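Engineer: Once you've had a glance at the structure underneath, I'll fire off some questions.
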Amino acid sequence: MINVGIIGSGFIGPAHIEALRRLGFVQVVALCDGSIVKAQEKSRQLNVPHACASVEELLALPNLHAVHNCTPNHLHAEINCQILRAGKHVFSEKPLCMTPDEARELVALAEQAGVVHGVSFVYRQFAMVRQAASMMRTGSLGRLFASHGSYLQDWMLLETDYNWRVDAALGGASRVVADIGSHWCDTVQYVTGRRITEVMADLSTVWPTRKASAGGHQTFSHDEQAEYEDKPVTTEDFGSVLFRFDDGSKGSFSVSQVSAGRKNRLTFEINGSEQSVAWDQEIPQQLWVGHRARANQILSDDPGLMNRDVADSAHFPGGHIEGWPDAFKNMMAQFYRAVQAGAMPDNPQFATFHDGACVMYIIDAIMKSHQQQRWVRVEY
């Protein structure tokens, strides 16, 4: 049995725990949070044996094999470093860190530590996304022509929507690009097998001042009686990006957290010389396959209809609903198969610290492009 510790018990920490428990060969033995009181409360709720008051206490537990970093963005780099220096396998929430320099340091530390390292880019783990990637690898789509799409949400639509991610000191200099654009970039790079090398970005802040609840209530917990205080906003609400891949093909994407009615609509379309494919996270079991000279297709995530190399990412007979929690399980299963083997795979299908760093470099280039209003090369 593999023993795992979790640092951070907000929304995403319990999601990690649920996915790990579904594997059957991993057990969550400890939970750490900002205070021992909160850690004890969450440990009781989630049935985790040990509550820890600090990262140091958690890392000192005997027979601990791996640690998940589920803390807010500004804590990722420091805690990831602590985990690596303790010699533990590490799985980090995205973003990997806050700056390109931190990303380079973390990649170097991970290589030196010789541990298994992963980053929570979950959308590449959906069955139909893996199917699209398989079709690209096997040549079904032909030569890559273009990639385009978007990731749209509405949870920051209102002036009174406020969250710690709005504060650049806690969330980073970029919000919407780093928070959800990062997912889009990783997913499309995974599907195409190409790397984004240049970007041209135009970002927009639609609420330069937001009204934060004086009582500390954040988005998703509206209080009709709340008193508000004005908070200046320096991070973007919307953005559009043109990009170039390393093979010369091109594309574009838009990201938004102020698109009314869109909850988590990550979409992409890949256009090749033979076929196109398109996918929408809000209808995740369908992959659209486009043709020139015959009828288009809608492929479902029936394991019997999928390419054999990715059919194991769909776990039930066709027609049974699988979604985000199942993609999360796929991600954890791949990571912990590597932990069982004791080494990184030659060609990992889960996102690694290298992939996390790659996205950090893209985000940095996007921010520079917006500020300088020109094409910027991604500095890998």
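Engineer: For Thr71, list long-range residues whose amide hydrogen, built 1.01 Å from N in the peptide plane, is under 5 Å from its own amide hydrogen.
Structural biologist: Glu93
Engineer: Could you please state how large a percent of the accessible area of region 131-283 is carbon and sulfur, counting protein chains only and using a 1.4 Å probe?
Structural biologist: Answer for region 131-283: carbon and sulfur cover 48 percent of the accessible area.
Engineer: Express the accessible area of the chain per residue in Å², computed with a 1.4 Å probe while the remaining protein chains stay in the model.
Structural biologist: Accessible surface, normalised per residue, equals 43 Å².
Engineer: Let me ask you something else. Quickly estimate the mean residue ellipticity at 222 nm for the chain, helices only: each DSSP H run with n ≥ 4 gives -39500 (n - 2.57), and the total goes over all residues, rounded to 500.
Structural biologist: Helix-only estimate at 222 nm: -9500 deg cm²/dmol.
Engineer: In addition: Enumerate the amide H contacts of Phe145 below 5 Å, restricted to partners 5 or more residues apart or on another chain; note that Pro and chain-start residues carry no placed amide H.
Structural biologist: Long-range HN contacts for Phe145: Asn271, Gly272, Ser273.
Engineer: Looking at the chain, which Cys residues are left with no other cysteine's beta carbon under 4.7 Å from theirs?
Structural biologist: Cys70, Cys81, Cys97, Cys185, Cys358
Engineer: Residue separation times 0.36 nm, minus the C-alpha to C-alpha distance between Ala169 and Ser140: what's the value?
Structural biologist: Computed gain between Ala169 and Ser140 is 5.9 nm.
Engineer: Under the Karplus relation 6.51 cos²θ - 1.76 cosθ + 1.60, θ = phi - 60°, what is the ordered set of whole-Hz ³J(HN,Hα) values for region 359-369, x standing for Gly and Pro?
Structural biologist: The phi angles translate into 5, 4, 5, 5, 4, 4, 5, 4, 5, 5, 4 Hz.
Engineer: Let me have the relative contact order for the chain, percent, based on Cα pairs under 8 Å that are six or more residues apart.
Structural biologist: 20 percent
Engineer: Where a Cα-Cα gap under 25 Å defines reach, which lysines qualify for Lys368, not counting those fewer than 8 residues away within the same chain?
Structural biologist: Here the lysines satisfying the reach criterion relative to Lys368 are Lys94, Lys231, Lys250.
Engineer: Separate question: Ignoring ligands, DNA and RNA, what percent of the 1.4 Å accessible area of region 45-95 is carbon and sulfur?
Structural biologist: Whole-percent figure for carbon plus sulfur exposure: 50.
Engineer: Each residue of region 226-234 in turn: what ³J(HN,Hα) in whole Hz from Karplus with 6.51, -1.76, 1.60 and θ = phi - 60°, glycine and Pro shown as x?
Structural biologist: Each residue of region 226-234 in turn: 5, 9, 10, 10, 6, 10, x, 10, 10 Hz.
Engineer: Okay, next question. Out of residues 5 or more away from Thr352 or on other chains, whose amide H comes under 5 Å of its own, with H placed 1.01 Å from N in the peptide plane?
Structural biologist: Val119
Engineer: If R0 is 51 Å, what FRET efficiency do you get for Phe25 and Thr209 from their C-beta distance, rounded to 0.05?
Structural biologist: Here the calculated transfer efficiency is 0.55.
Engineer: So what are the ³J(HN,Hα) numbers for region 61-77, from phi and the Karplus equation (6.51, -1.76, 1.60; θ = phi - 60°), rounded to whole Hz, Gly and Pro as x?
Structural biologist: 3J(HN,Hα) across region 61-77, in whole Hz: 4, x, 6, 8, 9, 9, 9, 9, 9, 10, 8, x, 3, 5, 9, 4, 4.
Engineer: Turning to a different aspect of this structure: If you work out Cα extents along the principal axes in Å from the coordinates, which of (1) 64, 53, 44; (2) 61, 55, 34; (3) 64, 50, 40 do you get?
Structural biologist: Structure-derived value, by its label: (3).
Engineer: About the Cα centre of the chain, what is the dipole size in debye to 20, counting +1 per Lys and Arg Cβ and -1 per Asp and Glu Cβ, all else neutral?
Structural biologist: Dipole magnitude for the chain comes out near 900 debye.
The values are calculated or read from the model by the stated rules, or taken from the named source; none is laboratory data. The model shown is predicted, which means the values in this text are computed figures rather than measured ones. Note: ideal-geometry Cβ built from the backbone for every residue, glycine included; neighbour counts use all protein chains shown. Ligands, DNA and RNA are excluded from the accessible area calculation, which covers all protein heavy atoms including side chains. Shrake-Rupley method; radii C 1.70, N 1.55, O 1.52, S 1.80 Å.
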